[in-house]
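The structure appears below as structure tokens.
The values are calculated or read from the model by the stated rules, or taken from the named source; none is laboratory data. These numbers were taken from a predicted model, which means no experiment stands behind them. All Cβ positions, glycine included, derive from the backbone under ideal geometry; neighbour counts span all protein chains shown.
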Amino acid sequence: MVDASEKYGDGQQMMVAAEPINTGEKIWWCTCGDDDYMMSRDEICHLIETQPNLKNFLCWYSYMAEDDMYMIPRTFDAQQNNDECVLFNHSCEPNCGFDSGDGNTIVAIRPIAIGEELTYDYHFLETEPSLIRGMECKCEAPSCVGRLMFDRYRDEEFQKRYYDYMSPYLQSRVR
């Protein structure tokens, strides 16, 4: 983990490669979901209304598991994450994705150099109702979309390039 405050804001961190990583190499086993709560968008919005201090945490660390259903860390009330995989930041030109065999293994989708930030495209997990829809992208990639609207899964070129690296939920939306 490396301090990423300069790029992403105060207190932010990122994962970087400690050694060269080959395409297809397994990088991380994500335990998110193993011990998380599944909640509807309405339930999360109600939590935010009653406990506004949780808004950023719930928006940043939730992800879509089904239509209108989101996984949130069981430790949300203490605003603690249960897996460091949340430190994989977004990029419009990612170097990581999810292994379609299980949806929990993060793999390299291209060679990764020592010191390079480990990223995946948040569009691999989210659709239009995402709690972070409209988030400003800070990836600085030449193909950066600017704001994340979570509709890229509808694009045929995006599907062809990244289908194998999308979450099972997103793959089900594409089929």
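The lone criterion from (1) over 23 Å from Ser62 (Cβ atoms); (2) surrounded by fewer than 18 Cβ atoms within 10 Å (Cβ to Cβ); (3) touching a Lys or Arg at 6+ places or on another chain (Cβ under 6 Å) left unmet by Gly115 is number (3). Applying the condition of being part of a helix (DSSP H, G or I) and of a type in the set (A, V, I, L, M) to the stretch 158-175 and asking which residue is surrounded by the fewest Cβ atoms within 10 Å (Cβ to Cβ) yields Val174. Check the stretch 134-149 and report whether any residue there is more than 11 Å from the chain's Cα centre (by Cα), within 18 Å of Leu58 (Cα to Cα), hydrophobic (A, V, I, L, M, F, W, C) and assigned to a strand (DSSP E or B). Yes, some residue in the stretch 134-149 is more than 11 Å from the chain's Cα centre (by Cα), within 18 Å of Leu58 (Cα to Cα), hydrophobic (A, V, I, L, M, F, W, C) and assigned to a strand (DSSP E or B). For Glu140, state whether it is under 16 Å from Asn89 (Cβ atoms), outside the structural domain of Cys59 (by TED's automatic domain parsing) and out of contact with any Lys or Arg (no Cβ under 7 Å at 6 or more places or on another chain). For Glu140, the condition - under 16 Å from Asn89 (Cβ atoms), outside the structural domain of Cys59 (by TED's automatic domain parsing) and out of contact with any Lys or Arg (no Cβ under 7 Å at 6 or more places or on another chain) - is met.
Applying a threshold of 6 Å to beta carbon distances and a minimum spacing of six or more residues, or different chains, the list of pairs starting in the stretch 90-119 at a residue that is more than 14 Å from Asn22 (Cα to Cα) and ending at one that is among the small types (Gly, Ala, Ser) reads Ser91/Ala141; Cys92/Ala141; Cys92/Ser143; Glu93/Ala141; Glu93/Ser143; Phe98/Ser167; Gly103/Ser167; Thr119/Ser91.
The C-beta contact set for the stretch 150-175 (first residue in the same structural domain as His123 (by TED's automatic domain parsing) and of a type in the set (S, T, N, Q), second residue surrounded by fewer than 17 Cβ atoms within 10 Å (Cβ to Cβ) and modelled with pLDDT of 95 or more, distance under 8 angstrom, 6+ apart or interchain) comprises Gln171/Tyr163. For the stretch 8-26, the condition holds for at least one residue, the condition being that it is assigned by TED's automatic domain parsing to the domain that holds Arg133, over 26 Å from Arg173 (Cβ atoms), in contact with a Phe, Trp or Tyr (Cβ under 6 Å, 6 or more places away or on another chain) and surrounded by 15 or more Cβ atoms within 10 Å (Cβ to Cβ). In the stretch 86-136, of all residues being touching an Asp or Glu at 6+ places or on another chain (Cβ under 6 Å) and of a type in the set (S, T, N, Q), the one that is nearest to Met149 (Cα to Cα) corresponds to Ser100. If the condition is being farther than 25 Å from Thr105 by Cα and not charged (D, E, K, R), then the stretch 9-26 contributes Gly9, Gly11. Checked against (1) in contact with a strand residue (DSSP E or B) (Cβ under 6 Å, 6 or more places away or on another chain); (2) surrounded by 14 or more Cβ atoms within 10 Å (Cβ to Cβ); (3) under 29 Å from Met39 (Cβ atoms); (4) not β-branched (Val, Ile, Thr), Asn95 passes all but condition (3).
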